[in-house]
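Below: one structure, written as structure tokens.
The values are calculated or read from the model by the stated rules, or taken from the named source; none is laboratory data. Given the structure is predicted, the values throughout are model-derived calculations rather than measurements. Glycine gets a Cβ as well: all are built from the backbone with ideal geometry, and neighbour counts include every protein chain shown. Keep in mind that these areas ignore ligands, DNA and RNA; they rest on the heavy atoms of the full protein, side chains included. Shrake-Rupley method; radii C 1.70, N 1.55, O 1.52, S 1.80 Å.
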Amino acid sequence: KNEVEQSPQNLTAQEGEFITINCSYSVGISALHWLQQHPGGGIVSLFMLSSGKKKHGRLIATINIQEKHSSLHITASHPRDSAVYICAVIPMNRDDKIIFGKGTRLHILP
Amino acid sequence: GAVVSQHPSRVICKSGTSVKIECRSLDFQATTMFWYRQFPKQSLMLMATSNEGSKATYEQGVEKDKFLINHASLTLSTLTVTSAHPEDSSFYICSARDLTGVRAPQLANYGYTFGSGTRLTVV
């Protein structure tokens, strides 16, 4: 079993829909990242969080440390949001080793 | 914000040749640089970790003589794929940390910034 599990693996939605991507992890962590990887491959860090909730534009990330779970929400989704979204955690006992989920491939239809 | 510039973005090379990939931190000191490899539809896999001025630490199964990593300065790290073979074709990406937090405080505690990646095709 992977230490970081994301769901769903693939998601297709219509423009305007509210999107939720989930991440569960099995190790104690210092922080969690949500990353966005576009088809060209480049990766952008969307959020880094260790508690609570963060919001940036149409993106919201939440984390529940006790439940070892995080969610990434996209409101009013747009075709340009189509990308792979990756959850990554930094283990508490090894902050030089980031563990990546396999990613959620999101496709927003116009 | 903190930016890591990675070049080239794409490279096609002949089998047996060597390819160098560069990652430069543009506005902060990359005290630690990480190199990853990604196969299609797979997670990023850590290849090695390098700290400025010291030898890289390679993950199990990664050939250090094949994937040469140099981190000679706080702003530049390079990955050289030596004697490339078609099975080395992959997406390579770097990420950097600034543990000093001097110029990029958002990176000081567990923050990483990523390069844009290099797609290597060996023919």
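A few comments on the model shown:
- Within the accessible surface of segment A:4-110, defined with a 1.4 Å probe on protein heavy atoms only, the carbon and sulfur portion equals 51 percent.
- Phi angles across segment A:59-68 convert, under the Karplus curve 6.51 cos²θ - 1.76 cosθ + 1.60 with θ = phi - 60°, into 3J(HN,Hα) values of 9, 9, 10, 10, 9, 10, 5, 5, 8, 6 Hz, Gly and Pro given as x.
- Across segment A:41-55, coupling constants 3J(HN,Hα) worked out from phi with the 6.51/-1.76/1.60 Karplus curve, θ = phi - 60°, read x, x, 10, 10, 7, 8, 8, 10, 9, 10, 6, x, 8, 9, 9 Hz, and Gly and Pro carry x.
- FRET efficiency for A:Val44 and A:Asn2, using Cβ-Cβ distance with R0 set to 22 Å, rounded to 0.05: 0.45
- A crude spin-label estimate for the pair B:Glu63 and A:Lys55, with each label 7 Å from Cα along the Cβ direction, gives 5.3 nm.
- Chains B and A together bury roughly 1600 Å² of accessible area, counting both sides, with a 1.4 Å probe on protein heavy atoms only.
- Other-chain or far-sequence residues with amide H under 5 Å of B:Ser89's (modelled H): B:Val122
- Each part reduced to its alpha carbon centroid, segment A:54-74 and segment B:1-73 end up 30 Å apart.
- The ratio of the alpha-carbon radius of gyration of the protein assembly as shown to the globular-protein estimate 2.2 N^0.38 Å is 1.01.
- In segment A:1-78, the C-alpha radius of gyration followed by the widest Cα-Cα span (Dmax) gives 12.8, 36 angstrom.
- In this Cβ point-charge picture (+1 for Lys and Arg, -1 for Asp and Glu), chain A has a dipole of about 100 debye about its Cα centre.
- Inter-label distance, nm, simple model (7 Å from Cα along the C-beta direction), A:His78/A:Gln66: 3.8
- Around the Cα centre of the protein assembly as shown, unit charges on the Cβ atoms of Lys, Arg, Asp and Glu (plus for the first two, minus for the last two) sum to a dipole of about 160 debye.
- Whole-number Å³ per residue for the convex hull built on Cα positions in chain B: 97
- Unsatisfied cross-links (Cα-Cα over 32 Å) in the set A:Lys55/B:Lys55; A:Lys102/B:Lys14; A:Lys53/B:Lys66; A:Lys68/B:Lys64: A:Lys55/B:Lys55; A:Lys53/B:Lys66; A:Lys68/B:Lys64
- Chain A: antiparallel DSSP beta bridges as a percent of all, rounded to 5: 90
- For segment A:19-26, 3J(HN,Hα) per residue [Karplus equation, 6.51 cos²θ - 1.76 cosθ + 1.60, θ = phi - 60°, Hz, x = Gly/Pro]: 10, 10, 10, 10, 9, 10, 9, 10
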